[in-house]
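Before any comments, here is the structure.
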Amino acid sequence: MKRFFALLIPVMLLAVVPVAAQGRCGCRDCRDDCRHYRVPQYYVNDNGVFFDGRRVEGASPSGFVALGDGYAKDAWAVYYFGNKINFASAESFQVSGYGYARDSWNVYYNGVKINGASADSFRVLNDGYAKDAWNVYFDGVKINGAMADSFSCGPDGYAHDTWNTYYYGRKIK
């Protein structure tokens, strides 16, 4: 019986340690503001537009539309997670997925304009990869040296062009 308890106690301790290391809400990288258990949403009523418990300044409730990926728009402006995206065109704004979006003139990643990206030829691939006629991007950052014309995605974060292979946006040497 002593041997049984001698084995049981270390096993129980090993089971508890990972849970304690996960933080107060159960996620592995828990911060004080961790709210992984819900995704913040826009809420619209006669009093205004709200996101994650705060008013979205300047947003008009009439015609306000949540577009997905944290993006939304009204007749005059575009918003990302409740913050206005300056100079984005509400009329032509479209969400592309993986955090990417575009209007007639610009491409955005997580609400930030990607300088130099071509809205006309821009398309989202997989796993955070995207490309336009000249460049390839991963999570909104240009991958230097990647060839857009031959670039394609593989499974699980892998991608390649004619000369190189990439893993989650980094060239494998």
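Observations
- For the range 159-173, taking the residues that are more than 18 Å from the chain's Cα centre (by Cα) and in a loop (DSSP other than H, G, I, E, B), the one that is surrounded by the most Cβ atoms within 10 Å (Cβ to Cβ) is identified as Asp161.
- Of the residues making up the range 131-139, not a single one is within 30 Å of Val44 (Cβ to Cβ) and small (Gly, Ala, Ser).
- Out of Asp120, Asp127, Asp156, one residue alone is in a loop (DSSP other than H, G, I, E, B), charged (D, E, K, R) and surrounded by 13 or more Cβ atoms within 10 Å (Cβ to Cβ). It is Asp127.
- Evaluation of Ala146 against the conditions (1) small (Gly, Ala, Ser); (2) surrounded by 15 or more Cβ atoms within 10 Å (Cβ to Cβ); (3) over 15 Å from the mean Cα position of the chain (by Cα); (4) under 24 Å from Asp74 (Cα atoms) shows that the sole unmet condition is (4).
- Residues of the range 79-116 classified as part of a strand (DSSP E or B), of a type in the set (Gly, Ala, Ser) and surrounded by fewer than 19 Cβ atoms within 10 Å (Cβ to Cβ), total: 2
- Just one residue in the set Lys73, Lys131 is within 19 Å of Asn144 (Cα to Cα) and not small (Gly, Ala, Ser); that residue is Lys131.
- Residue list for the range 130-149, filter: within 15 Å of Thr165 (Cα to Cα) and part of a loop (DSSP other than H, G, I, E, B): Ile143, Asn144, Gly145, Ala146, Met147
The numbers here are math on the coordinates, done by the rules we state, and not lab data. The structure displayed is predicted, hence computed values, not measured ones. Here Cβ is always computed from backbone atoms with ideal geometry, including for glycine, and neighbour counts include all displayed protein chains.
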